[in-house]
Amino acid sequence: MLVLGIESSCDETAAALVSEGAKVLSSVVASQILTHAKYGGIVPELASREHLRKIEPVVNEACQRARVVIGDVDGVAVTEGPGLIGSLLVGLVYGKALALALSKPLVGVNHLEGHIHAVLLENSMDRLAGKPVEEPQLPAATLVVSGGHTSLFLVEAGRSPTNSCPVFNYKRLGHTRDDAAGEAFDKVAKLLALGYPGGPVIDQLARWGDAQAVDFGRIKMKGNPLDFSFSGLKTAVLYRVRGTALVAEAEQRRAWRQARESASADELRAHCSQATLDLIASFQNAVVRDLLERTLAAADAAQVDSIFVSGGVACNSLLRARFAEGSRARGFRVFFPSPALCTDNAAMIAAAGYYKLQAGQLADATLTAYASFPLGT
Ligand code: KG4
Ligand code: ZN
């Protein structure tokens with residue numbers, strides 16, 4: 001079964017062709033970073049317009065790269081939420097029209113479900129490539145951590161009551177009460193004039209900083225201990241900057257960055273004091289420690305064997321190293337997608353959609369997009 005996945009929930013227009021939910025034939029992602037970078041964050045109206053310009057060329061390119069024609073597709077999977085409503089609608093309406101015109105089945109996929117399936121897809125791809133892989137076990141404790149989301153789920157395997165095909169059930173164990181972790185990375189980078197998106201820049205620059213220099217303390221949560229909160233940490237960084245020489249330094253950096261199109265991490269580093277590098281290394285350390293501790297607590301409580309981590313922030317090198325060490329020490333196995341499948345892409349939507357198509361969970365012409373679209377119970 002050849003599935004066309006379409007993803008447009010945020011600032012990436014993406015299309016992918018995935019066969020049998022396991023083999024990525026093509027995955028095309030048109031990033032809008034250059035459009036939004038000068039504003040230091042996503043401008044929703046500009047995002048919708050870019051999606052409109054890109055959706056058709058991106059789908060065509062996905063077909064060309066996979067060496068298929070659109071009529072070869074057996075089903076279409078589109079992201080139905082959560083995300084920016086204008087952005088979502090572009091991909092959703094395009095996918096719906098395509099499915100109708102081709103008389104092919106259509107399924108709607110929750111963006112978070114897509115991120116979770118990226119883990120299983122990566123594993124299948126490695127297995128098909130003959131790499132020695134460990135088998136992820138379900139149920140699994142899963143952290144989805146990105147610019148828009150920070151949530152913990154328990155992912156369970158089930159069977160469709162109608163045709164007994166595999167289906168997945170999701171229990172939401174915790175979620176952020178304010179900022180997502182990626183959003184905190186982006187806002188701290190904006191405050192310090194390090195560029196957008198902030199996560200990759202901070203990841204690279206933090207290597208030259210002392211992660212113990214600033215003790216941010218642990219993030220305390222009242223109520224559900226598996227919930228997250230990153231806005232206090234972001235404000236703590238602001239207080240460390242306000243009224244200090246770091247403000248003038250950030251202003252100089254802003255002026256220097258505005259005068260050029262792009263800056264490598266090495267060049268940026270030359271424009272950062274040791275105090276700035278120490279601050280961002282300590283901030284990153286505090287975020288990663290919090291994500292790890294709550295994920296391990298979730299895995300303990302649910303008594304699972306496997307931990308999945310996905311979403312843009314799962315590209316973070318410190319996070320990957322700490323999760324690998326922390327999980328091993330506690331007897332869990334941890335699974336990440338490769339960085340290209342961690343950030344927004346349509347292969348993960350096609351992979352999640354494959355199971356829905358098989359289980360007959362089809363959408364009809366009333367399928368629509370939802371800005372807020374919780375996953376699971
Ligand atoms: O999954 P994604 O592409 O989009 C959303 O669904 O939000 O994630 C984008 C987020 C951004 O906030 C970006 O700063 C963050 O992922 N990110 C990282 C890294 N790479 C991307 N955060 C920390 N370290 C990274 N290496
Ligand atoms: Zn995402």
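Were the residues from HIS271 through ASP364 laid out at 0.36 nm apart, the gain over their Cα-Cα distance would be 28.1 nm.
Can you tell me, using C-alpha contacts under 8 Å and at least 6 residues apart, the relative contact order of region 235-340 as a whole percent?
Numbers: 57 pairs, mean separation 23.1, N = 106.
The normalised contact order for region 235-340 reaches 22 percent.
Averaging 1/r across all pairs of distinct Cα atoms in region 91-244 and inverting the result yields a Kirkwood radius of 19.1 Å. Only protein heavy atoms count here; under a 1.4 Å probe, MET348 has an accessible surface of about 0 Å². Counted over the chain, the DSSP beta bridges are approximately 60% antiparallel. At a Förster radius of 25 Å, what calculated FRET efficiency corresponds to the Cβ-Cβ distance of MET1 and ARG172, to the nearest 0.05? Taking R0 as 25 Å, the efficiency between MET1 and ARG172 is 0.30.
Determine the calculated [θ] at 222 nm for the chain from helices alone, applying -39500 (n - 2.57) to every DSSP H run no shorter than 4 residues and normalising by the residue count; nearest 500 deg cm²/dmol. Working shown, then result.
Details: 13 runs with 173 residues, N = 377.
The helix-only estimate for the chain comes to -14500 deg cm²/dmol at 222 nm.
What per residue convex hull volume, in Å³, do the alpha-carbon atoms of the chain yield? Can you show the working numbers first?
Working: hull volume 52.9 nm³, N = 377.
Here the figure is 140 Å³ per residue.
Run the numbers for SER19 and TRP256: contour at 0.36 nm per residue of separation, minus the present Cα-Cα distance, in nm.
Details: separation 237, 0.36 × 237 = 85.32 nm, distance 4.67 nm.
The span from SER19 to TRP256 would gain 80.6 nm if fully extended.
Rounded, prolate or oblate: which fits region 254-377 when a ≥ b ≥ c are the square roots of the eigenvalues of the alpha-carbon gyration tensor, with rounded for a/c under 1.5 and prolate only if a/b beats b/c? Verdict is oblate for region 254-377.
Put simply, the amide H of LEU106, placed in the peptide plane, has neighbours under 5 Å in VAL76, ALA363, leaving out anything fewer than 5 places away on its chain.
Helix 44-66 and the longest principal axis of the Cα set of the chain meet at an angle near 50°.
Residue separation of ARG330 and MET221 scaled by 0.36 nm, minus their Cα-Cα distance, works out to 37.0 nm of gained length. For region 1-113, the Cα-based Rg and Dmax, in that order, read 13.5, 42 Å. The H on the amide N of VAL167, modeled in the peptide plane, is under 5 Å from the matching H of GLY158, ARG159, SER160, each at least 5 residues off or on a different chain. When the Cα positions of VAL304, ALA351, CYS272 are compared along the charge dipole of the chain, CYS272 comes out farthest toward the positive end, with charges on each C-beta of Lys, Arg, Asp and Glu.
Under 17 Å between alpha carbons, and skipping anything fewer than 8 positions from LYS54 in its own chain: which lysines qualify? Of all the lysines, those that pass the test against LYS54 - Cα under 17 Å, at least 8 places apart if same chain - are LYS96.
Can you give the FRET efficiency for ARG65 and ASP126, using 1/(1 + (r/R0)^6), R0 = 25 Å, r = Cβ-Cβ distance, to the nearest 0.05? Walk me through the numbers before you get to the answer.
Numbers: r = 20 Å, r/R0 = 0.82.
Approximately 0.75, to the nearest 0.05.
Projecting label points 7 angstrom from Cα along Cα→Cβ for GLN212 and ASN163 puts them 5.8 nm apart.
The values are calculated or read from the model by the stated rules, or taken from the named source; none is laboratory data. These numbers were taken from a predicted model, which means no experiment stands behind them. Neighbour counts run over all protein chains shown; Cβ positions are idealised from the backbone, glycine included. Calculation scope for accessible area: heavy atoms of the full protein, side chains included, ligands and nucleic acids excluded. Shrake-Rupley method; radii C 1.70, N 1.55, O 1.52, S 1.80 Å.
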